[in-house]
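Working notes, structure below.
What follows draws every value from the coordinates through simple rules; no lab data is involved. Bear in mind the structure is a predicted one, so any value in this text is a computation, not a measurement. Heads up, the Cβs are rebuilt from the backbone with ideal geometry, glycines too, and the neighbour counts pull from every protein chain shown.
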Amino acid sequence: MSEQNGQEQVLEKPESQLKEIWYSLCRNKGALIALGIIVFLIFVAIFRDFLMPYDPNYSDMGKAFQRPNSEHWFGTDQLGRDIFSRIIYGTRISLSVGLIAVTFALTVGTVLGSIAGYFGGKVDTVIMRCMDMMLAVPSILLAITFMAALGKGIDKAIIAIGLVSIPEYARIVRGSILSIKESDYVQAAKVIGNNDMTIIFKHILPNVLSSLIVRATLGISTAVLDTAALGFLGLGVQPPIAEWGDMLGRARGFIFSAPYTLIFPGMAISLTVLAFNMLGDGLRDALDPKSRNK
Amino acid sequence: MRKHMKLVSMVLLVAMCVFCLAGCGGNKQQQEAAPAAGEAKLSDTLVFAQGAEPRGLDPALVDDGESAKVMANIYEGLVKYAPDSTDILPCLAKSWEISEDGLTYTFKLQEGVLFHDGTPFNAEAVKFNIDRQLPPLVTEDMGYAGFVFGSVDNVEVVDEYTVKINLKSPSTPFMANLAMALGAPIVSPTALQNNDNNVNQAPCGTGPYKFVSWSPSENVVLERNENYWGTPAKTQNIIFRFIADNSARVVALTNGEVDMIDGIDATVVDQIKAGQMTVDNIEGMTINYLAYNTQSPVVADKEVRKALSQAVNVPELVASLYQGYASEATTILPSFMPGYSAEVKQVGYDPEAAKAVLEAKGITEIHVITYTNPRPYNTANGQTLAEAIQGYWSKVGVTAKIDAYDWSTYKEKVKTGDYDVCFYGCNGDNGDPDNFMNLLCDPDPTMNVARYNNPEFNALIAQGVATANGEERNALYAQMEKIVAEDCVWLPISHAQVLSAYNPLVDGYYYHKTAVVFFSEMSKPAK
């Protein structure tokens, strides 16, 4: 019942619903802070070239392992590169891998899931069993396999991470479609002669949107973490490009002698992942009419 | 109900902690079980942790340092190295004579020596061991056969305890090679016959320790050879443990789980010292270098190579990267090796000159391949080193494209020759200068990674091998060094110090220059 109520609201007063979601989000302090952090990160990513005090790849061997000081806020790494500049540089990499990979996975996953859920039968079996196969292997392992096959590079990391997260979206979409496609209004839309594509994209998908948005937000945090994991394992970027996970992996030998080489990239990763997770949680509460109307 | 839950979870937590502690303790108890009745004062077991498992324990069939460390305690060769140098001392051979022409070596053997399986050691056993590494019996798996016995023509048994080795051509490094832990050690002929000519899993030598067991990826256990012909070992059992992760190995040392570790780098020295452990560093017999692929069109020109080398500030690089635990290499040979010459100079640091030449020659991009693992001669790992060099080159307008691979893949990539610059290094095996310099004339491109082929240099190498030790020979190697430095084939970077660490309770610890450890003199007071 509640689903149909939500549907009516969407149709009747979409503006007020958006507002309501926004208010609900504002009431959740954690989510609001997270949103602030994300906006800040995006700002850093866009204007990184103006924000970096040094060339992130400029190495001055004479100044290796400097503790954080007024010149180098986060200190310098083993090769005398400014860690602060490298973290700023890495922001765009992590965010763009996260966003693009999720967009890719979301698009492909939605299309596959819709087809599987709506048409059912053999198509469903073929698509979903393929997805199951991908889900059976731990996603990071699968990503490592893809990277090993494709080689190093940001673009390849995007493809690898995007590919491994397709099944999640496909499953969500398929599940929702299965429950919605038998509802009266879909039947009605069929009866009045709408074609399948219109029904899927115009009438069914908007109902799946809220769960997809939540999943995608959380997906970005997973993608950022996966990027870092690939970098940590030395599969991410071509040297000397600065990437958080790579910085962390290369510095792990210095955990006792120069902890700042680890702490700052580690903090950047945690902060980003935390922000997306908190926003995702906030969005889930805000988008769920049941919890919103409490 | 809430309270109840809390109580239950507390109990569970405590139980878990107790189990964990019990688990930790169990290991130690096991190690210290079966106390030696005779020696009240000394601990009966010493534990040595290394980074990797031996590949095997048949000295003819393996070629890695991790195996050598274990084998050095099980086997002995005809001769051995002095504890603090690579001078040759008698071992299974009491004495030897070298003929005037340098072609015949006659060894008088120790009498009454028994292998661990009871087989008597005699001239036949020596012949059996060398013959198995000579054509026609030698196989492709015998990595060091060519290196150690390549110059041997045949072996004659003169009498029970006299053996004569005839060489094809004079070879000065031959004696030094006979002391090595790979290829040269003498294995029980009975054990070889019983094990299908492969004692990788059932080693049997004459050394102070006998093989007991090998639990894959866990440990190798040795026990004292009570019938040893020399002074018996002080400690009854030696356990080699394999802990791949550097920091885990350090933790194992500092919390008393193991007594000695090796394969560490400068970054953990402070941690080890803070844990009240002793760090041992010796001048390593190593060279860490950058090699130009002389066959690649990009760096085929000597001027280009020179300019690229000039762009790198080696002293700064070494000081910063190895934090005082490696010395700048001005020559290929470390300063304590025969043949070292202080007169050899590499190109100095001169970025201005380098930039001018590189611009004039139109060099903007260099393809670099490197390895991602730390190596004994380069503890900072190849990728970090390559990135440091990349930084220097970027300042003279050259972009380095780095491809980094793990060690085994890297070796395959080197074989293909698809690179302008690569990084490599060498651990000296025998203290002979030929061991290092020969790398530049080796026909095998995985050894001669610069693919250098200079007839003049090759002639000098041949001359060096045939000349007896002394000033004349040393001068030849100095001359070779000069040729290589002038041709800018390598950019020598550093001579690493070999770092290992041990519990200060261990008495008599020493780590030999050839990167092996001998335990027979070591002991530790019992707890």
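Side notes on the structure shown:
- Helix runs (DSSP H) in chain B reaching 27 Å along axis by Cα, Kyte-Doolittle at least 0.0: B:2-32
- Equivalent ellipsoid, chain A (semi-axes from 5 times Cα gyration tensor eigenvalues, Å): 42, 23, 13
- Using a Förster distance of 30 Å, the FRET efficiency for B:ASP245-B:ALA202 (Cβ separation, nearest 0.05): 0.50
- Degrees between helix A:83-119 axis and first principal axis of chain A (Cα, 0 to 90, nearest 10): 20
- Cut-off 10 Å between beta-carbons: net charge of the residues surrounding B:PRO90, Lys and Arg +1, Asp and Glu -1: +3
- Rounded to whole Å, the principal axis extents of the Cα atoms in the protein assembly as shown read 109, 75, 56, largest first.
- Farthest positive-ward along chain B dipole, Cα basis, beta-carbon charges - from B:ASN427, B:GLY348, B:VAL212: B:VAL212
- Amide H partners (placed H, <5 Å) of B:LYS80, local residues excluded: B:LEU89, B:CYS91
- Remark: mean inter-chain Cβ contacts per residue of B:383-394 equal 4, using a 10 Å Cβ-Cβ cutoff to other protein chain atoms.
- Convex hull volume of chain B per residue (C-alpha atoms, cubic angstrom): 181
- Across peptide A:249-258, the mean count of Cβ atoms from other chains lying within 10 Å of each residue's own Cβ comes to 4.
- Tilt relative to chain A, helix A:205-232 - C-alpha long axis, 0 to 90 degrees, to 10: 20
- The range B:48-120 and the range B:301-357 have Cα centres lying 36 Å from one another.
- Taking Cα centre as origin and charging only the Cβ of basic (Lys, Arg, +1) and acidic (Asp, Glu, -1) residues, the dipole magnitude of chain B rounds to 1820 debye.
- Binned Cα-Cα distances of the range A:192-265, short to long, each 5 Å bin given as a whole percent: 4, 15, 15, 13, 11, 8, 7, 7, 7, 6, 4, 3, 1, 1, 0
- Alpha-carbon centroids, the range A:151-184 and the range B:179-238: separation in whole Å: 58
- For the peptides B:334-345, B:419-430, B:508-519, B:291-302, residues were scored by their other Cβ atoms within 10 Å and the scores averaged per peptide; the highest-first order is B:419-430, B:508-519, B:291-302, B:334-345.
- If you plug the beta carbon distance of B:ASN166 and B:LYS302 into 1/(1 + (r/R0)^6) with R0 = 30 Å, you get a FRET efficiency near 0.10.
- Dipole moment magnitude, nearest 20 debye, the range B:45-239 about Cα centre, only Lys, Arg, Asp, Glu C-beta charged: 340
- Alpha-carbon gyration tensor eigenvalues x 5, square-rooted, for the range B:478-520, Å: 37, 11, 6
- Summed residue charge, Cβ within 14 Å of A:GLU71's Cβ, Lys/Arg positive, Asp/Glu negative: +1
- Eigen-decomposition of the gyration tensor built on the alpha-carbon atoms of the range B:45-239 gives equivalent ellipsoid semi-axes of 26, 18, 16 angstrom, largest listed first.
- Extension gain for the segment B:ASP406 to B:ASN458, taken as residue separation times 0.36 nm less the Cα-Cα distance, is 15.6 nm to one decimal.
- Check: the protein assembly as shown dipole with +1 on Lys, Arg Cβ and -1 on Asp, Glu Cβ, in debye: 3880
- Pairwise Cα inverse-distance average, inverted: Kirkwood Rh of the range A:19-149 (Å): 19.0
- Degrees separating the helix A:154-180 axis from the principal Cα axis of chain A, which is the longest one: 20
- A straight line joining the Cα centroids of the range B:430-494 and the range B:390-428 runs 22 Å.
- In this rough spin-label picture, where each label sits 7 Å from Cα along the Cβ direction, the A:ALA136-B:GLU218 distance is 3.2 nm.
- MRE, 222 nm, helices only [DSSP H, n ≥ 4, -39500 (n - 2.57), over chain A, to nearest 500]: -24500 deg cm²/dmol
- With a 10 Å cut-off around each Cβ of A:73-80, the average count of Cβ atoms from other chains is 3.
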